[in-house]
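> Submitted below is the structure of interest, expressed as structure tokens.
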Amino acid sequence: MFMNVLSSDRFQNLDKYAIVVESNKLYDNQLPEWVEKYIVEKGHSIELKATYMLVENIGNDLERLSNEIDKILINYKEKVEINSGIVQKYVGISKDYNSFELQRAVGVRDIVKANRIVNYFSANIKNNPIIPTIALLFSFFSKLLIIHSTRDRNPKNLASLMGVHPFFIKEYLHAAQNYPLSKVIDNIHYIREADLRSKGVGVINMREGEILKELIYKLLH
């Protein structure tokens with residue numbers, strides 16, 4: 001079909017000068033590095049917590065991530081280090097009530113804080129949809145499963161195996177102590193169950209907030 005539209009000479013020129021670019025979607029564990037590089041190239045920097053706030057709450061959407069970062073940077077003419085307060089101010093992600101903080105609360109089994117965050121999510125479900133939260137929790141407990149499945153406790157090796165920044169390895173190791181292997185397996189089951197319920201499978205008229213509250217209770221107890 002293409003040869004019928006273009007003459008042989010034109011096709012040869014196209015083949016000679018054209019560049020084929022394959023743009024694969026980044027893996028989730030590559031997003032923090034992408035965010036940091038994007039900001040550094042613009043002459044600024046970002047703290048680690050702020051990076052993960054953006055990544056965990058916006059997800060694997062590079063266009064939206066870049067738009068939100070640009071929205072922040074347009075407010076600064078001089079070099080700035082983006083922190084969690086700046087993200088909260090210009091992106092609208094609460095530094096205390098976000099998926100990243102929920103994960104941390106679940107990791108240390110802080111029942112009060114986890115319930116406080118999930119109640120906030122339930123009251124603001126439009127801005128805190130359940131699917132990204134479920135995906136984050138599934139990723140979290142999948143990483144704990146990796147820890148329980150290996151004897152290697154070298155932070156660098158573990159970080160590479162789990163696809164996380166070495167800075168967070170201590171938190172994951174602590175969480176693995178709070179959740180033995182049997183509980184991790186149970187929790188992954190609960191998360192999958194909640195995922196199906198959020199899609200209307202096996203449940204009738206159950207709101208997202210109720211599904212999330214029930215899930216967090218099961219994860220912590």
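Here, each number is a calculation from the coordinates, and none is a lab measurement. Keep in mind that what you see is a predicted model, and the values were worked out from it rather than measured. For neighbour counting, all protein chains shown are included, and Cβ atoms are generated from backbone atoms with ideal geometry for every residue, glycine included.
> If the cut-off is a Cα-Cα distance under 20 Å, which aspartates and glutamates reach residue 71, setting aside same-chain residues fewer than 8 apart in sequence?
Cα-Cα hits under 20 Å: 33, 36, 41, 47, 56, 61, 63, 81.
> Same structure, new question: Would you work out which of 140, 166, 119 lies farthest towards the positive end of the dipole of the chain, given +1 charges on the beta-carbon of Lys and Arg and -1 on that of Asp and Glu, about the Cα centre?
119
> In addition: Determine the calculated [θ] at 222 nm for the chain from helices alone, applying -39500 (n - 2.57) to every DSSP H run no shorter than 4 residues and normalising by the residue count; nearest 500 deg cm²/dmol.
Numbers: 13 runs with 147 residues, N = 221.
Per the formula, -20500 deg cm²/dmol.
> Continuing with the same structure: Can you check what the net charge comes to around residue 36, using other residues whose Cβ is under 14 Å from the Cβ of residue 36 (Lys, Arg +1; Asp, Glu -1)?
Counting the neighbours of residue 36, the net charge comes to -1.
> Could you work out the mean projected area of the convex hull around the alpha carbons of segment 83-221, in square nanometres to one decimal?
About 8.7 nm², averaged over all directions.
> Right, next: Check which residues have an amide H placed less than 5 Å from residue 82's amide H, if you skip close sequence neighbours.
45, 46, 47
> Any chance you could run the full-extension gain for residue 220 through residue 61? It's 0.36 nm times the residue separation minus the Cα-Cα distance, nm to one decimal.
Stretched out fully, the residue 220 to residue 61 stretch lengthens by 54.2 nm.
> Follow-up question, since we're still on this one. Applying the Karplus parametrisation 6.51 cos²θ - 1.76 cosθ + 1.60 with θ = phi - 60° to the phi angles of segment 213-221, what ³J(HN,Hα) value in whole Hz is obtained for each residue in order, glycine and proline being reported as x?
Ordered by residue, 3J(HN,Hα) equals 4, 5, 4, 4, 4, 5, 5, 8, 10 Hz.
> So the label point goes 7 Å from the Cα of residue 205 along Cα→C-beta, right? Which residues of segment 108-124 then have their backbone N under 18 Å from it?
none
> Please give every one of the aspartates and glutamates within straight-line cross-link reach of residue 126, meaning a C-alpha to C-alpha distance under 12 Å, and leave out same-chain neighbours fewer than 8 residues apart.
Filter leaves 208.
> For residue 112 and residue 78 in the same chain, what is the full-extension length gain: residue separation times 0.36 nm, less their Cα-Cα distance, in nm?
8.2 nm
> Pairing the Cα long axis of helix 111-123 with the longest principal axis of the chain, what angle in degrees results, from 0 to 90 and rounded to the nearest 10?
50
> Quick check: residue separation of residue 152 and residue 89 times 0.36 nm, minus the Cα distance between them. What number comes out in nm?
Numbers: separation 63, 0.36 × 63 = 22.68 nm, distance 4.04 nm.
Between residue 152 and residue 89, full extension yields 18.6 nm more.
> Now for a different question. In sequence order, what are the phi-derived ³J(HN,Hα) couplings for segment 153-162 according to the Karplus relation 6.51 cos²θ - 1.76 cosθ + 1.60 with θ = phi - 60°, rounded to whole Hz, with x for glycine and proline?
10, 5, x, 5, 5, 5, 4, 5, 5, 8
> From the phi of every residue in segment 183-197, what ³J(HN,Hα) in whole Hz does the Karplus formula 6.51 cos²θ - 1.76 cosθ + 1.60 yield, where θ is phi - 60° and glycine or proline is x?
Using θ = phi - 60°, the values come out as 6, 4, 4, 4, 5, 4, 5, 4, 5, 5, 4, 5, 4, 5, 5 Hz.
> Please tell me which of these pairs span more than 19 angstrom C-alpha to C-alpha: 95/170; 37/79; 49/183; 113/199; 183/218?
95/170; 49/183; 113/199
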